[in-house]
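The values are calculated or read from the model by the stated rules, or taken from the named source; none is laboratory data. Everything quoted here is computed from the prediction, not taken from an experiment. Cβ placement follows ideal geometry from the backbone for every residue including glycine, while neighbour counts extend to all protein chains displayed. Surface accessibility is based on the protein's heavy atoms, side chains included, excluding ligands, DNA and RNA. Shrake-Rupley method; radii C 1.70, N 1.55, O 1.52, S 1.80 Å.
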Amino acid sequence: MKLRTLFAEAVSHLRDSGIETAARDARALISFAVNVPSDRLTLCAEDTIYDAQIEKANQVIALRCAGLPVSRIIGRRLFWRREFIVTKDVFDPRGDTETLIALALQRPAKRILDLGTGTGAIGITLAAEWSHATLTASDLSNKALEVAEQNAEKLGVSERCQFIKSDWFSEIEGTFDLIVSNPPYISQVEVAELATEVKDYEPFIALSSGEDALYAYQKISSQAMHHLTPGARLLLEIGHTQGKAVSNLLDEAGFRDIMVHLDFEQKDRVVSCSIPA
Ligand SMILES: C[S@@+](CC[C@H](N)C(=O)[O-])C[C@H]1O[C@@H](n2cnc3c(N)ncnc32)[C@H](O)[C@@H]1O
């Protein structure tokens, strides 16, 4: 069988199973199964595929048809052009979060704090982009911290990173030039209404802090001020309906320059603010 045929069959199976992103998913899954980088699949379209590769491709396509997210099947995810390890114990980084990265990179920082780091996608990306920066990355989940440490090692920044188990600021010491966070922002009730692919495969602790969707923002906004150097920034990812509520919390806590920023789909996605210089 040619790679071209294997790919076409995969797209067709995924479409028949109602997967809207069939072509994109097939590219990632077939690339993984036949061990050819996804940007070389077209180049290798006429290559002959061996039985073992076909078997592996069929297995991964079947898992995707059964509803498993692509990143869970292949164990990795591209984020801001770097590949992160993803396991069942961590939140699968989303493209929307790159909005926060783009905003952060507008003003260099030397000491970064990433609260609720998960895979480390936000903090490790910033540490990799700024070769002189140090990162403190925290999470309440030990397993997430293990994955984040592996990612820091894989991406060559581990010497400049510190990983801490902490309930938001409970174990955090010192001050930072930039604090970033993509905290859980869905209420417990709303989690039940999420797509199966999200609610069945993401750790609950990554999605929700309980009944109040704004709980994490309250905790972070009320304590962040004590951990920021003069003029430093705080960047928070938000749910697209939370711009006003989170801005109000930051205003009450005394932050300045509060702004809500849109993502690629023109939805509210990040709130930025700073403290006086
Ligand atoms: C939406 S995920 C974001 C993960 C990662 N920063 C990203 O953007 O892909 C939220 C993260 O917050 C962590 N978390 C939840 N409650 C926490 C708490 N009380 N203190 C610290 N981290 C917490 C979760 O374990 C999870 O890793």
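Do you know which of the residues in segment 61-114 that are of a type in the set (S, T, N, Q) and open to solvent by 20 Å² or more (accessible area, probe 1.4 Å) is farthest from the ligand (Cβ to nearest atom)?
Just the residues of segment 61-114 that are of a type in the set (S, T, N, Q), to begin with: 71, 87, 97, 99, 106.
Okay, now just the ones that are also open to solvent by 20 Å² or more (accessible area, probe 1.4 Å), so 87, 99, 106.
Values: Thr87: 12, Thr99: 11, Gln106: 18 Å.
Among those residues, the one meeting the criterion is Gln106.
If you scan segment 177-199, which residues turn out to be open to solvent by 10 Å² or more (accessible area, probe 1.4 Å), at pLDDT 95 or above and either more than 14 Å from the ligand (Cβ to nearest atom) or in contact with a Gly (Cβ under 6 Å, 6 or more places away or on another chain) (or both)?
Result: Asp177, Tyr185.
Look through Val198, Val180, Val271 and report the one residue that is within 19 Å of the chain's Cα centre (by Cα) and in contact (Cβ under 8 Å) with a residue 60 or more places away in the chain. Show your work before the answer.
Working: Val198 fails: in contact (Cβ under 8 Å) with a residue 60 or more places away in the chain; Val271 fails: in contact (Cβ under 8 Å) with a residue 60 or more places away in the chain.
Result of the check over Val198, Val180, Val271: Val180.
Can you pull out the residues in segment 230-268 that are of a type in the set (D, E, K, R), open to solvent by 20 Å² or more (accessible area, probe 1.4 Å) and at negative phi?
Kept after step one, since they are of a type in the set (D, E, K, R), are these residues of segment 230-268: 233, 237, 244, 251-252, 256-257, 263, 265, 267-268.
Checking the rest, the ones that are also open to solvent by 20 Å² or more (accessible area, probe 1.4 Å) come to 233, 244, 251-252, 256-257, 265, 267-268.
The answer is Arg233, Lys244, Asp251, Glu252, Arg256, Glu265, Lys267, Asp268.
Just need a number here: residues in segment 118-158 that are more than 27 Å from Gly231 (Cβ to Cβ), open to solvent by 50 Å² or more (accessible area, probe 1.4 Å) and either of a type outside the set (Gly, Ala, Ser) or touching a Ser or Thr at 6+ places or on another chain (Cβ under 9 Å) (or both).
Counting residues in segment 118-158 that are more than 27 Å from Gly231 (Cβ to Cβ), open to solvent by 50 Å² or more (accessible area, probe 1.4 Å) and either of a type outside the set (Gly, Ala, Ser) or touching a Ser or Thr at 6+ places or on another chain (Cβ under 9 Å) (or both) gives 8.
Scan segment 31-44 and tell me whether some residue there is at pLDDT 95 or above and under 30 Å from His132 (Cα atoms).
no
Name the helices (runs of 4 or more DSSP H) wholly inside segment 182-245 in which the number of residues that are under 23 Å from Pro276 (Cα atoms) is 1 or more. Can you show your working first?
Working: elements: 188-191, 196-199, 204-207, 215-224.
Those helices (runs of 4 or more DSSP H) span 215-224.
Of the conditions (1) more than 12 Å from the ligand (Cβ to nearest atom); (2) in contact (Cβ under 8 Å) with a residue 40 or more places away in the chain; (3) touching a helix residue (DSSP H, G or I) at 6+ places or on another chain (Cβ under 9 Å), Glu55 fails just one. Which one is it?
Single failed check for Glu55: (2).
Could you check, for segment 160-174, whether at least one of its residues is out of contact with any strand residue (DSSP E or B) (no Cβ under 8 Å at 6 or more places or on another chain) and part of a helix (DSSP H, G or I)?
Within segment 160-174, not a single residue is out of contact with any strand residue (DSSP E or B) (no Cβ under 8 Å at 6 or more places or on another chain) and part of a helix (DSSP H, G or I).
Looking at segment 130-173 only, could you name the residues that are in contact (Cβ under 8 Å) with a residue 60 or more places away in the chain and either more than 10 Å from the ligand (Cβ to nearest atom) or more than 18 Å from Val90 (Cβ to Cβ) (or both)?
If the condition is that a residue be in contact (Cβ under 8 Å) with a residue 60 or more places away in the chain and either more than 10 Å from the ligand (Cβ to nearest atom) or more than 18 Å from Val90 (Cβ to Cβ) (or both), then Gln150, Asn151, Lys154, Leu155 are the ones that fit.
Can you tell me how many residues in segment 61-83 are outside any loop (DSSP other than H, G, I, E, B) and closer than 25 Å to Val11 by Cα?
Initial filter on segment 61-83 (outside any loop (DSSP other than H, G, I, E, B)): 61-65, 70-74, 76-79, 82-83.
Now narrow it down to the ones that are closer than 25 Å to Val11 by Cα: 61-65, 70-74, 76-79, 83.
Going through segment 61-83 one residue at a time, the tally reaches 15.
Which of the residues that make up segment 200-229 are acidic (Asp, Glu) and either within 12 Å of the ligand (Cβ to nearest atom) or surrounded by 15 or more Cβ atoms within 10 Å (Cβ to Cβ) (or both)?
To start, the set of residues in segment 200-229 that are acidic (Asp, Glu) comprises 200, 202, 211-212.
Glu202 - this is the single residue of segment 200-229 that is acidic (Asp, Glu) and either within 12 Å of the ligand (Cβ to nearest atom) or surrounded by 15 or more Cβ atoms within 10 Å (Cβ to Cβ) (or both).
Would you confirm, using the coordinates I've provided, whether Thr119 is without any contact (Cβ under 8 Å) to a residue 60 or more places away in the chain, in contact with a strand residue (DSSP E or B) (Cβ under 9 Å, 6 or more places away or on another chain), within 15 Å of the ligand (Cβ to nearest atom) and not in a strand (DSSP E or B)?
On the way: without any contact (Cβ under 8 Å) to a residue 60 or more places away in the chain: yes; in contact with a strand residue (DSSP E or B) (Cβ under 9 Å, 6 or more places away or on another chain): yes; within 15 Å of the ligand (Cβ to nearest atom): yes; not in a strand (DSSP E or B): yes.
Here the answer is yes, as Thr119 does meet what is asked.
Determine if segment 54-62 includes at least one residue that is in contact with a Lys or Arg (Cβ under 7 Å, 6 or more places away or on another chain) and not aromatic (Phe, Trp, Tyr).
Restricting attention to segment 54-62, the residues satisfying the condition of being in contact with a Lys or Arg (Cβ under 7 Å, 6 or more places away or on another chain) are none.
No - not one qualifying residue is present in segment 54-62.
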